Structures are given as C-alpha cells and as structure tokens.
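**Student:** Pasting a structure here, questions to come.
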Amino acid sequence: MTETYASLDLSPWRPTPTTISPEWRDFITMVVREAEGQPKPPYAYVFNVRYDARRVGDQLRDWGLPEPVVIAGYLRSYDETLLSHVTLPGAEKVYAHFKSSLHYTRYIEEEQLANLLIPPYPDLGALLIALVVHYQALCKLKEHTTHQPLAGKLLDDVQSAKRTLIHITKRLGLWDFKRHIEDIAEELIHPKTFLEDKQRYEKIFARDMDKIESLRSIFEHFCQEVTDRPVHVVWTPCGVAGLKRRTQDTHTTATSQKERLYGFDLVNFDVIVPVFYDCYLAMGALFQLGTLQDRVSDQIAHPKPNGYCHLSFGLSLDPSAQSLRKLSWLAPDGEVTYNCFFQIGTKVTQAGVYYGCLNEKIYALYDESQTARSDVPSMHSINSRSTWFSEEGKMYAAIKDGMEKAGKLDEDDITSNPIIVYDKSHNHRPVRLPKGATVLDFAYKLDPDIGSRAVEGFINTRKSELYNELNAGDIVEIRTARETQVKAYWLDDKYATSDKAQAHIRSLLKQELHNFRSYELIREALEFYHYPLTLEELDEELRLLVTRQKLGTRQAYLELLNSNGKDPHTPEWAAQQIIQRRAEHNETHTLEVTKETADLIPQPLLGDSYSHPPRLCGTCQPIYSKQAIVAYRGRNSHELVAHTLNCSHMTRLNDEQRARLIPLQWQYRPSAFKVAFFVLAEDRRGLVLDIAKKLRRRHCSLLSINADAILKFKKAEARFVTELYEYREVAEIISDLKSINGVTSVEVDAARTVPYIYQRIREHQQEKPIQLQDEHWRDRLSSLGPRSATLRNAYDISRPASSKMFFGRESELRYLARELCEGSEGKAVVLYAPRRSGKSSLCKNFLGRHITPPAWGVFYSLQGATRFNEERILRDMAGEIGASFQEHFNRPAPEWDALDQSDVQICFRRFIQRCLERAPGSRLVLVLDEFGGALQAYADGVLELRFFTYWRELLSVISQVSLLLALPTSSHALLASEKFVNAFSFAQNLPMPFLDQASAERLLTEPLRELRVLISSRTVHQAVQLTGGNPYYMALIGMQFVRLLNAHAQKQQVTDEDLQLAVDHIIEAGGEQSFSYYRQELHGELEPRILDEMLEIMAYSKHTMISLRQLTKNFGMAEREIRPALERMRNSLILDEHVGGRNTSNPEYTFKIELVRLWLMRNRWLLQS
C-alpha cells in the first residue's frame, strides 16, 4: 500500500452534531419550564397527537444543521410569541426558520409537492424542521396505537404523509432517513404484516450476522491486497419495509427460486476508497470473487441529479475463489447461490448517498439564501481527468446541473406537475409529472407510442412494473416491444393515473375492441332480441358484464367468445345478460326519469274496476304530466279513453255524459320488456289487420311483425315482437288474439324472447304454463331419428364427472386459474362445499382444462389417508408429482431415495425444488383432494399438527408452487377453528355452491339428447327445483330416467310422470347410500334435532317452510341459542333461508334440496341415529 494514503481515514462519514450556545440552551430550558401545564398551539399537533419538540431538536442537532435551525426545532411546539421579543444572537434567523417551517408543514399535509420538491428552497432548514416534525409525530402516533391498525381519515393522512415524506427524502438524498420513515409508516399502516416481516428480518440477521461480517472482512482485505490501495468496507442494512422490495429485486436470491432470503440479500456492501480512480480498481478486484449479475450502474460517469455518485452492481459469489474457500458454509456444489450487492465510492460520495443535503456543501446548493452554486462548475465544463483523482468528482456539478435543467422546464402549471424524474435514455433529461404518477405515466409523457408499447420499466436501475409509483428524483428507463401492449387492466388496475395517459389507453382499447368479430356477434344477438345499442353503450355494458361475472378483461372475453362455444362464451349468453342487467337497472331507477316525459301513464283514481290504463285520445293526445285529465266511457264501450279537460270531445258533452267522467292521475310507467309471439291461423284476408287492431287496444308498442302464408295447407304463420310493461299482459294478449276468427294457436316464441323474461312470464302464469313453440313433440322427435333399444347410462355417480359430463362452474374455474396460475408467486386456495356436490369433479376438470404451460398440475386424494402417517403421505405424493413431471416435461424426475431422509418434510421440499429446477419458469399446482381425510387422521392421532403448518412454510420457501385444498364444509369448520387458523390463514377460501339453473339443466338434458331422447322443459325445471341444482342428485335422477327408458325400448320422451316415477324409486328403493352421508354434514346434537323438528312440523302442517319463531317456540330455546345452528346449516347448503316482507326478524327455513326432505320424511331414523 502506498505511503501517500497510509494515514487516510476512510471510515463512513457521519454528521457532526451542532453545538448550541449556553444562552440559547438556557432560553430553551426556560421556555419548556414555563410552558408546562399551559395549552399548546394548534401547530404542536400533527395527526391529532402532540409530537415531542425535544426529539425534533435532538434529531436536527445530530444532523449537524446550522444552530438557528436546531433552536427553531427545539421551540417548534411552543408559542411563537415567545420568540418575537428575544434579543439573543441569531434570534431573527431562528424566528424566520420557525415561521417558514409552519408553511412547509401545511404543504406536507396538503401534498403541495410543487413547494416541496423543486430546489433551491427559500429556507431548506425550515423544510427539514417540518420533515422531522412529521417523522416524530409518526413515532408518537405509533406509541399511542400499540399495534392497532389505523382507519378512516387518520389512515388516509398517514398514507398521504408517507408518500410526501418519501418524495422529499429522495429529492434531498436522505437515503438513511428515508429507511426510517418507511419503517415507521408501514408499522402504522400494516401493523400485523410489519410485525411478521420484522420477526423474519431479525431472524435472518441473527442467523447470518457472522457470515456477513466474515465476508466484509474478506472483501476489504482482498481489495487492499489486489489494488495496493487503502480500502474500507462496511455493510448497511435495508429497513424492515425494504424486505419486500429486496425480495422482489432482480439482484436477490428470491427471484432465483432459492429456498429463502439470506442476510446478504438485505445489506449493501459499501466499498470506500480514496479517489474515483480507485473505484474501478476495487470493482475489478471484486469481479475475481464471483459473476456479475445483470449490469454495472456507473453513476460516477453519470451522477444522479440528487448527487448519487458511485458504482453499483450485484455479484454471485464463486465458492471456488481462493479467498472464499475457507468459508465452509459456501456450498461448493452450487446448490445455493449467494448474491451480494456493492456500492463503491469515496468517503465524500458515500456521505452524499446516505445523508444528501446534510453534507454542508450540498446544503448550501439547495438553500436559496446561499451563494454556493456560483462556486460549482457546470457538468459540461468539468475536465474528466481532473475528477479522476478527486473525492467529489461530478457530484456537486450534477446537483447544480439538475436544478438548472428543472428550472428551464416550460410547464405552464407547476402545481399540477410537481414531481420531477429523469429520463435515463436521454442524458437524464428532467420530466415533470403529477403526483401519483406511475412508470406508465412517464412512458406516455415521453411519447404516446412509447407508452402503448411499454413492457416494463427500470427505476434507478431496478426492474419495475409499469404500475409502480414514481418518486421525485427517480431515474427511469422504459423497455418497449414492437407491438402495442395496451391491456384493459391498465385502466382497471390504475396502471396510469394521468388523464392524458388514460385517454390514450381508452382510445386504443376501443379501436381494438371494435375489431373483434365477436363484438359484432353480440350486437347481432342484441338486435335479434330487438335491443339495439350504440357503440358507447355496448362498450360500457361489456365492461360491466366482465366485471360482474368475473370474466377477466373485455379483450380476453371477446377472444374466447364464438357462436359454437359454451356459456358464458357465446354471443347469445352475453346479449341475454346485457338485456337483463339493463332491465334490472331500469326497474331500480324508474322513479328517476324526467317528469315531463311520456313515461307517465294515466290511472283511474276511483275503484279497481278498470285494470288497464286508459287509451289516450287521438285528438288532444294528453302526454304532459301537469295536464288535468279525465276518462270517458261510452254506454256500450268497455274501454276508457283519456282526455284533457279542454279536449273538443269533452266540450261537446252534455250534463248526463259529464256525470260519467272518471278523474285520472298520472303514474310512472313500469320499465318495458320485449316479448315475441307466434300465431298459427287459417289463412284469410285481413288477418294481420285484425291482429294489429287487437294490439292497438292495449298499451304496448308493436316493434315488428312478419306473416307467411302456407298455401299448400291454407295456413298462416305470424311472428311479432311487442314492448310490454306488465307480465300479466302476456296472457291477456294471448287471450285477445285467440278470439280472432281463424286463429288456432297463440304462443310465446321462446327462441326470440330473452330467457329470463320468458322465465318471469312462466312464474306469472304457473297455473297454466305457456307451451313453447319449439316443443311440438312430433316434429322434434321426427328430426331426432330412432334411439337404441338399450341406452348406455352416461350418468355416473360413483366417480368425478368427466369433461363431457362437467357443466358450469365457470366463475370458480376462472377464480382458480387467476389465483393459482397467474401472478409472480404461487398462492393457496381452500375449496369447500358439502359432500357430493362436485368438488373432485371441479378439481380434476380444472387440472385438465384450465392449466396450461408453463404451469403443470398434480391431483392427489387423501380420501384413504386416515390411517397413513406423514411419511407415507408425502412419499406417495412425491410419487404422483414425479410421474406427472415426467409426463409433462418428458424428462426423469428426481430420485426420492437419493435425497436426505432425516426429515421427510425437508426431503419433500427438496424433491419439489429439484423438479422446478429441472423445469425453469414452471409453476406446480398441487391439488390435495379430500383434505378432510388428513384432518380425520389428526383427530385419530395418526398425523401431528406439523403436517398442517408445513404447507404455509412450503409456499413461503418455494414461490412457484400453488396449492388447492378441497374438503367438505363440515371439515372446513375444523380448519377455521382456533387450532388450525394460523396454519391456513395464508390461503384464500372459496365456498362452492350447487350448480346454477342453466348448468343443472344441461347436466340433465344434454346426455339425453345424445341418446336421442327429448325431455320437457317443465320436467327439467321441476328436477332442478327438487335437487336445488346439486349435481349428484341431478345425475341420480338422470340414471333413473335411463332405467325407465330401457324398460320401454320405443320411448323417446321424458315427462313429468317419468320424473315422479324416478323420485318415487329413489325414495322407496331403500337408497340409504345416497342420503346417509347427510348425517356427517351435521354438527353436534342440536342440528339433527332442528331438522327432525322441522320434519315433524312439516308432516302435520303440510308447510315446507318453517319460521324461526315456530322453531324457538317448539324447542323452548332463545333465538340466540338456535340461530347459530341455523346459520351454519344455511352456509352448508342444508337449509335455505327466506326473508320476505317487513318481518325480517322472523325468517323462514326450508330444505335446500327438496329431494332430501322427501326422503327424510320417510326415513327419520337417519337424524335420530
């Protein structure tokens, strides 16, 4: 080592505490003493807590700030009038700092970033006082909250302060202080998560402290030996809040799919050298100890505008390097990679990185009142050779140059764009953005074309998502693709916050949306049902549709939509959902229509003799809601006609006729709906005219009519669509039209009527169901062709449904695909539902149809595992994983026996890690079906609690594993109990209902259709009502249908009578195996007693719904005692709860599955056993 540097001190720079004169010290003591017990001014409180002014002053003193600034900090929470008459030296400066700090405090509270982030500052000392005041207020607030989460306005205030304080600290280069602000704010906002992270943080450092220090010493001595220069190496930890950031950092082991974070991932190794020339020598020396990660960030040649001036890079250590061989914990086989992050600079630049404006010269540059800027050369005038052997290099020039560039920005409104970041691709050009701006906002600010093609960003050389928020002073770089990358979730998930960026995204999405052929298919389907929409209306309806039904983005949905697909990916389904939503919206907002429109119709004031609204007079045409109106009915007419009082027809009436006038009032018209009709009649002249006359007498709009003559048979067919306002009008129109001479049949045209409207029509006319036009048995049977004499029974209740027999569950499948297959890390989901409701079918079909590369799935059932110990289960599970791995990737799986067998959990974890290492970038989705079997094994003492806590640990270590646990509702209650709640709190719960109406109907009808058998829609509807949509019982009924059909080889239709026979057979054939599992779904003694009592009441009352009040009366128990059991059975899909009318405190209960109720009525022993 050269003698020139022998006595050089390279220890890290620290601020020198400020010395306060005795006079001011005595004055501060006097003020504190006199203020005791006195009311404090409003500015002594932040976040409604009183901060400690002594701590404020102490921190400013430790920062080595000018004495007036420190004194103003000590006096910050006291009455300012005490300072106005002080004659001590520097009193005017103290008072000025005091007053200015009040302004800066208000700027922070109101997020007026323009006054906080654009140097030079009128009073930098006052800004630092306000900064410390807010930090100390956060500390005080933490003492008051004691780990309780914040809420309401206080939470919003703390989040706002956090954002603003981080902006300020980054702008001023206060990296060390920024770390403290992040930690205290995170502890207040997310106390539970922060506590977990802190424990993990401390555990990592306790484990790896000695290793970190050993490496520090090796780095220091190795650099000194190789460079023959003095080198000092220190390590600086990140904060607890930085743990997550380091986990996601491209330089950490977390992204390499290692088992865990190490202490080296949470520290920076700061290498301090005498001059900049030595920085590159030290970097060359360190490169001999490992492999460079990513790239070197050279901020010596290109310093950041806030003064950051160093070399930074990541290094993967090479265990075979001579200097590292003595470290026995470094894995020589490369099984574990240790990565270290380095920052190399001089003592001056290291001080600039961690303490920023606390450096005396940088402070002078930022403070407007000082003239230090004139002594600093500009970047373009600095001789690079002169900086080669200096300590400060271009650091001060970069700060000056950055402020000058920012000052030249020609933004009109600084207030709306206060955040200045720097474009790395254009020589650190400053770009001004609004607060809350993201990486994508930055890209669109550069150029809309760059924004639309953006893929990812780099913030201060670290890879970043497009939605990450930018802080003042960040250096940003955008990576783009050749094609447009705009996605709908850019808007939904707030990837961009500026109006300009959002407008560009919205415009491109609309262009892309309208190019889809499926978009036109939906428009055509809507027009088919006579519901035309504008492009803007359809865009909005599609957005609402995919949001409500959880179908992903509009673009993704339209890509999957086609005419030959299955619901919900058909244009007909989409059109029907849109029509239904608009109708429901109109029904809800009927009273919000303008009162001056024709949405008002006249109604008689007296009596109920006239059920229909009067027809409006064609002469006076009353449509104005403020007009007084009356109705007149002639002696021989049954129709009322509405007139205004000054109508010519009214003025001609005599006294006798006037006596028959009926007063009317305006009422809001109900929301309209459209119904299609089909009329079959004898062909004759004037038929269409007679139909139109009948419709004219009713208050409906005829939207379209089409009539065809069948000359061969002298028949006529007419189809027309009307807009109605009441469902009862349908039957009345049918009745009116049937009275026309020659009309033989009038039916609702189900093909051209929206299904939900048709369903409502049926509900209003249940006593006489409307026959569908397409249910003419003879015609339909002739088109089917003959059936086989013996039908194969496609309904199999003994095993999970195949893909051909799997219907519906689209929302659950989408949820599982999103949670388990998307995102950067795997997740866990607990799927629960009653036994025999299709959990296994859902799991198997999810693995078979919805998992695509790079994800791969494994199905493992724990149904027979009640007698297996942990080693047997994990070994068998590993066998299934290995077989699946070999099938998916066509390569051998790791050998289980070759792994360490000391602990089966470690062995299983390493097995999965080896699989994932052999298939980089893949995601394992592990499905554990019948997880209730494991819980039973625990209850029997076969499994220990560690088996259940293991899964949380596994997913925390291996980020590319997702877990799906499927279990019955009764077992889920145990999983959510106090004993297991912590073990599975990391997993999302997904309750699974029975099938929806449409899916249940398909489960019954489609297999029959393939067998060339027809079933009445009424029969299908009744079957769904009997089973509640339970797929097991729907399949059970289907099995009985096939049995009946095979007994009658010529039979090709299934009717209500067949359904009754099937139900009777199920109930009477002693099918305990189909119902006995029900007992396992019940908890304790009370729930079977409740069901038994309900059956008893139903038996003698003939009612199928039993009220809460009746149950409490029969049991002699209080409502609070019986209500929890009823609620649990409702959640378990055993009971249905009905709350109707005004009496919401007395709900009624019935069986969710009517078929179960019928069986239990005959087999009460099941509940009594």
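The values are calculated or read from the model by the stated rules, or taken from the named source; none is laboratory data. Fair warning: this is a prediction, and the values are worked out from it, not measured in the lab. Virtual Cβ from ideal backbone geometry, glycine too; neighbours counted across all protein chains shown.
**Student:** Could you please find all residues in the stretch 685-716 being charged (D, E, K, R) and over 25 Å from Pro532 (Cβ atoms)?
**Tutor:** Passing the criteria: Arg685, Asp690, Lys693, Lys694, Arg697, Lys712, Lys714, Lys715.
**Student:** Working only within the stretch 535-586, note down all residues that are in a loop (DSSP other than H, G, I, E, B) and farther than 23 Å from Arg1002 by Cβ.
**Tutor:** Thr553
**Student:** Sticking with this one: Would you please list the contacts, defined by Cβ atoms under 9 Å and residues six or more apart or on different chains, that run from a residue in the stretch 275-295 that is more than 16 Å from His310 (Cβ to Cβ) and assigned to a strand (DSSP E or B) to a residue that is β-branched (Val, Ile, Thr) and modelled with pLDDT under 90?
**Tutor:** Filtered contacts from the stretch 275-295: Gln293/Thr250; Asp294/Thr250; Asp294/Thr461.
**Student:** Where residues in the stretch 728-762 are closer than 17 Å to Cys700 by Cα and polar (S, T, N, Q), which of them is modelled with the lowest pLDDT?
**Tutor:** Thr753
**Student:** Being in contact (Cβ under 8 Å) with a residue 12 or more places away in the chain and out of contact with any Gly (no Cβ under 9 Å at 6 or more places or on another chain) is the filter here, so list the residues in the stretch 561-570 that pass it.
**Tutor:** Matches in the stretch 561-570: Leu561, Asn562, Ser563, Pro568, His569.
**Student:** Based on this model, can you work out whether Val56 counts as within 28 Å of Glu187 (Cβ to Cβ), crowded, with 18+ Cβ neighbours inside 10 Å, of a type outside the set (Ser, Thr, Tyr) and under 35 Å from the mean Cα position of the chain (by Cα)?
**Tutor:** It is false that Val56 is within 28 Å of Glu187 (Cβ to Cβ), crowded, with 18+ Cβ neighbours inside 10 Å, of a type outside the set (Ser, Thr, Tyr) and under 35 Å from the mean Cα position of the chain (by Cα).
**Student:** Just to be sure before I move on: is Leu83 modelled with pLDDT under 85, surrounded by 17 or more Cβ atoms within 10 Å (Cβ to Cβ) and not in a helix (DSSP H, G or I) in the structure I sent?
**Tutor:** No.
**Student:** If you don't mind, there's one more thing I want to ask. Restricting attention to the stretch 110-135, report how many residues are surrounded by fewer than 24 Cβ atoms within 10 Å (Cβ to Cβ), in a helix (DSSP H, G or I) and at pLDDT below 90.
**Tutor:** Total meeting the criteria: 2.
**Student:** Enumerate the pairs (first residue in the stretch 715-728 and among the basic types (Lys, Arg); second residue anywhere and outside any strand (DSSP E or B)) with beta-carbon separation below 9 Å, excluding pairs fewer than 6 apart on the same chain, so at least 6 apart or on different chains.
**Tutor:** Taking only residues 6 or more apart or on different chains, the pairs are Lys715/Asp683; Arg719/Asp749; Arg719/Arg752; Arg728/Ser611; Arg728/His764; Arg728/Gln765.
**Student:** Only one of Ala672, Ala642 is closer than 27 Å to Arg581 by Cα, of a type outside the set (D, E, K, R) and modelled with pLDDT of 75 or more; which?
**Tutor:** From the options Ala672, Ala642, the qualifying one is Ala672.
**Student:** Could you tell me whether the stretch 200-211 includes any residue that is in the same structural domain as Ile344 (by TED's automatic domain parsing), outside any helix (DSSP H, G or I) and out of contact with any Lys or Arg (no Cβ under 8 Å at 6 or more places or on another chain)?
**Tutor:** No; the residues of the stretch 200-211 include none that is in the same structural domain as Ile344 (by TED's automatic domain parsing), outside any helix (DSSP H, G or I) and out of contact with any Lys or Arg (no Cβ under 8 Å at 6 or more places or on another chain).
**Student:** Since Gly1029 meets every condition but one in (1) at positive phi; (2) touching a Lys or Arg at 6+ places or on another chain (Cβ under 7 Å); (3) surrounded by 19 or more Cβ atoms within 10 Å (Cβ to Cβ), which condition does it not meet?
**Tutor:** (2)
**Student:** Scanning for something within 25 Å of the chain's Cα centre (by Cα) and not small (Gly, Ala, Ser), does the stretch 165-175 turn up at least one residue?
**Tutor:** no
**Student:** Go through the stretch 1112-1128 and give me each residue that's farther than 13 Å from Glu1148 by Cα, under 35 Å from the mean Cα position of the chain (by Cα) and among the hydrophobic types (A, V, I, L, M, F, W, C).
**Tutor:** Ala1125
**Student:** While we're looking at this one, here's another question. Do you know which residues across the stretch 793-811 are of a type outside the set (Ser, Thr, Tyr) and either surrounded by fewer than 20 Cβ atoms within 10 Å (Cβ to Cβ) or within 30 Å of Ala1047 (Cα to Cα) (or both)?
**Tutor:** Asn793, Ala794, Asp796, Ile797, Arg799, Pro800, Ala801, Lys804, Met805, Phe806, Phe807, Glu810
**Student:** So which residues in the stretch 1027-1083 are outside any helix (DSSP H, G or I) and among the aromatic types (Phe, Trp, Tyr)?
**Tutor:** Phe1075
**Student:** Can you tell me which residues in the stretch 479-493 are without any contact (Cβ under 8 Å) to a residue 40 or more places away in the chain and either under 28 Å from Leu544 (Cα atoms) or of a type in the set (Lys, Arg) (or both)?
**Tutor:** Arg479, Arg482, Glu483, Thr484, Gln485, Val486, Leu491, Asp493
**Student:** Residue check: is Ala976 under 37 Å from the mean Cα position of the chain (by Cα) and under 21 Å from Glu810 (Cα atoms)?
**Tutor:** no
**Student:** In addition: Going residue by residue through the stretch 399-415, is there one that turns out to be within 15 Å of Thr349 (Cβ to Cβ), at pLDDT 70 or above and of a type in the set (A, V, I, L, M)?
**Tutor:** yes
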